[in-house]
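Engineer: Got a structure for you, questions after.
The values are calculated or read from the model by the stated rules, or taken from the named source; none is laboratory data. If you're wondering where the values come from, they're calculated on a predicted model, not measured in any experiment. Note that each Cβ is placed from the backbone with ideal geometry, even for glycine, and that neighbours are counted across all protein chains shown. For the accessible areas, the whole protein counts, side chains as well, though only heavy atoms, and no ligand, DNA or RNA atoms are used. Shrake-Rupley method; radii C 1.70, N 1.55, O 1.52, S 1.80 Å.
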Amino acid sequence: MRFSPKARLDTSRVGDAGSGGARGGGPMRIPLPGGAKAGGGIGTLLVIVLIFVLNQCMGGGGTGLPTGGGQAQGGTDTGRMVDSERYANCKTGADAETDEDCARVGVENSLFNYWGDEAPKLGAEFVPAQMMTFSGAVSTGCGQATSQVGPFYCPPDQTIYLDTTFFQDVLEGQLDGQGGEFVEPYVIGHEYGHHIQNLLGIMGQVQTQKGPESDAVRLELQADCFAGVWTKAATGTTDKSGVEIFAEVNQQDITEALDSAKAVGDDRIQQRSGGGVDPDGWTHGSAEQRMKWFSAGYDSGDPNSCDTFSATTL
Ligand SMILES: [Zn+2]
């Protein structure tokens, strides 16, 4: 992955909540069920990784899922405090080449450009996702979240939350020391996929929460597929002036995305946590399924190829 040095970065949708979750000083301190499991080890941690944490994400104790209507959530949250100081120096693709924070902005800009064109073709009115980094804990439209939750998308405030230490400390540690610079773009691409699902009203279709054929797994595999179609298109995405954001996305990047998808497969997570593989407990799909659907998206370059809800074989 290389950024085009002359691409202009737009930091307007990217902010940082700082550490400790003190942003805004609001009263919302709803503990997340998954957030209290710090002692559960890496297995527990990864189970809730890369996630759209449905139950936790609906305001703590809600019914878990939006039902019917096909309406996206959120979009009215205009009073948020976004500290963009962390990203203030991210001006160009050259900055993205030398700074991980700026690279994150570049990835967001590319996703914004891609889905801004593609989401309307799928029938959605495009509203960009916000992206918020934090460390420790953060107050969100879905309640209080801690680093243990891993990256997640919160539908009510249409924001992707990322504890950036996750990528170094957790995920890359699971990749047999491989890691790599495309791990985070894959994760952000996946979470942005959840945002598109939200805009399309697909989240309302999710009825069954667990199992290898469950709607929850279909939702996650579709997000992987959306990450794949964006990856394919990434080199064609541009900044506001039409300058391409990426100079190159290469085979090594694809390999890293696939390795990441593999590492967060439910069967791998179950194996790492010391138990046997139990498909009935799956919420995100197996390593094989996740790689397959990322590849399906990448190979086709077409979001319409990502209909995991109609697929007879996942
Ligand atoms: Zn997910």
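Engineer: Mind counting the residues in region 117-143 that are under 18 Å from the mean Cα position of the chain (by Cα) and more than 30 Å from Thr165 (Cβ to Cβ)?
Structural biologist: Going through region 117-143 one residue at a time, the tally reaches 3.
Engineer: Could I ask something else about it? So Glu184 fits all but one of (1) open to solvent by 10 Å² or more (accessible area, probe 1.4 Å); (2) within 15 Å of the ligand (Cβ to nearest atom); (3) modelled with pLDDT of 95 or more; (4) farther than 23 Å from Phe309 by Cβ; what number is the exception?
Structural biologist: (3)
Engineer: Of Gly211, Gly193, Gly201, Gly189, which residue is in contact (Cβ under 8 Å) with a residue 40 or more places away in the chain and within 26 Å of Cys90 (Cα to Cα)?
Structural biologist: Criteria check complete, one pass: Gly189.
Engineer: What pairs come up if the first residue lies in region 254-265 and is farther than 14 Å from Thr231 by Cα and at pLDDT 95 or above, the second is small (Gly, Ala, Ser) and open to solvent by less than 10 Å² (accessible area, probe 1.4 Å), and their beta carbons are under 9 Å apart, counting only those six or more places apart or on different chains?
Structural biologist: none
For every residue, the table says whether it meets (1) under 14 Å from the mean Cα position of the chain (by Cα); (2) within 13 Å of the ligand (Cβ to nearest atom); (3) open to solvent by less than 10 Å² (accessible area, probe 1.4 Å).
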| residue | (1), (2), (3) |
| --- | --- |
| Ile202 | no, yes, no |
| Pro212 | no, no, no |
| Leu219 | yes, yes, yes |
| Cys225 | yes, yes, yes |
| Trp230 | yes, no, yes |
| Ile245 | no, no, yes |
| Asn250 | no, no, no |
